[in-house]
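The values are calculated or read from the model by the stated rules, or taken from the named source; none is laboratory data. A quick note: this is a predicted structure, and the numbers were derived from the prediction, not measured. Please note: Cβ atoms are built from the backbone with ideal geometry, for glycine as well, and neighbour counts cover all protein chains shown.
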Amino acid sequence: MYMIESILSERIFREPSGESPLIVAICGAADLGKSHLSKRIIKQLEKKDIRSSHLTLDSFMMDRNKRLEQGLSGYHIEAYDLERAKDALSNFKQQNIFCYSPYDHSSGINSSILKTIENCSVLIFDGLHSMHQEFSSYIDISIFIYTEDAQLRKMRSEADTSKRGQTKEFSQSNSSSELRSYKMFVEPYVLSSTLKLYMTKKWSYELQE
């Protein structure tokens, strides 16, 4: 049985690219392993001698304290600088080198250390809103990850304490509102995705035909 990253890398490998590099969007609820899967796919692409890079939409997200002041979470599109994200995707398509500041989930701010993405064949672009209509003209393949609501809550709670340094009480108090925001703002992207992945357990996925 093939690992899901092997299946996806083969699908990307077969995608006609023309003269411009490919951008693959990975979308879905928070903490379902979008970035983890992105890196696994890149390793498989490298085995095929396909140069690839990874960019997360979180790198263009408002600092956590500012979001809290404005009553926003990562599920709200207003929490992101869409223009800067679009500039990054545009530069990649034009095969220009560009820099970005990674977001640190433990501190809730962007790192002061810039990272650079150079010319390569594939960019994996993940995020809660990586399939937003503002990015649609740049995206060649879109992958949506989903699972049962109970699993969503469980994964979010685990990440709140381990990744964000929040208390269990704080996480539980936000659980219902986070799920509502996901249902309202992110889940609809599944309707326009190229591929759908169902998460059976942490970082394990099945491709849904």
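Remarks
- The residues of region 112-139 that are outside any loop (DSSP other than H, G, I, E, B) and in contact with a strand residue (DSSP E or B) (Cβ under 8 Å, 6 or more places away or on another chain), listed by number, are Lys115, Thr116, Ile117, Val122, Leu123, Ile124, Phe125, Asp126, Phe135.
- From the list Asn119, Asn110, the lone residue that is closer than 29 Å to Ile12 by Cβ and in contact with a Ser or Thr (Cβ under 8 Å, 6 or more places away or on another chain) is Asn110.
- Any hit, region 191-208, residues being surrounded by 14 or more Cβ atoms within 10 Å (Cβ to Cβ), part of a helix (DSSP H, G or I), within 17 Å of the chain's Cα centre (by Cα) and among the β-branched types (Val, Ile, Thr): no
- Every residue from region 34-88 that is without any contact (Cβ under 8 Å) to a residue 24 or more places away in the chain and within 17 Å of Ile139 (Cα to Cα): Glu83, Asp87
- Among the numbered conditions (1) closer than 23 Å to His132 by Cβ; (2) modelled with pLDDT of 95 or more; (3) of a type outside the set (Phe, Trp, Tyr); (4) more than 14 Å from the chain's Cα centre (by Cα), the only one that Asp58 does not meet is (4).
- Among the residues of region 69-112, those identified as surrounded by 14 or more Cβ atoms within 10 Å (Cβ to Cβ) and among the β-branched types (Val, Ile, Thr) are Ile77, Ile109.
- Options Glu19, Glu15, Glu10: the member that is charged (D, E, K, R), at pLDDT below 95, more than 15 Å from the chain's Cα centre (by Cα) and over 18 Å from Thr194 (Cβ atoms): Glu19
- The condition of being among the aliphatic types (A, V, I, L, M), under 18 Å from the mean Cα position of the chain (by Cα) and modelled with pLDDT under 95 holds for only one of Ile41, Ile77, Ile4, Ile26, that being Ile4.
- Those strands (runs of 3 or more DSSP E) of region 1-107 in which at least 3 residues are touching a Lys or Arg at 6+ places or on another chain (Cβ under 8 Å), considering only elements entirely within it, cover 22-28.
- Residue identified as outside any loop (DSSP other than H, G, I, E, B) and either under 30 Å from Ser90 (Cα atoms) or under 15 Å from the mean Cα position of the chain (by Cα) (or both) among Ser175, Ser142: Ser142
- Residue match in region 132-148 (condition: within 19 Å of Asp81 (Cβ to Cβ), free of Cβ contacts under 8 Å to residues at least 40 places away in the same chain and surrounded by 13 or more Cβ atoms within 10 Å (Cβ to Cβ)): no
- The set of residues in region 144-163 that are in contact with a Ser or Thr (Cβ under 9 Å, 6 or more places away or on another chain), hydroxyl-bearing (Ser, Thr, Tyr) and modelled with pLDDT under 90 comprises Ser157, Thr161.
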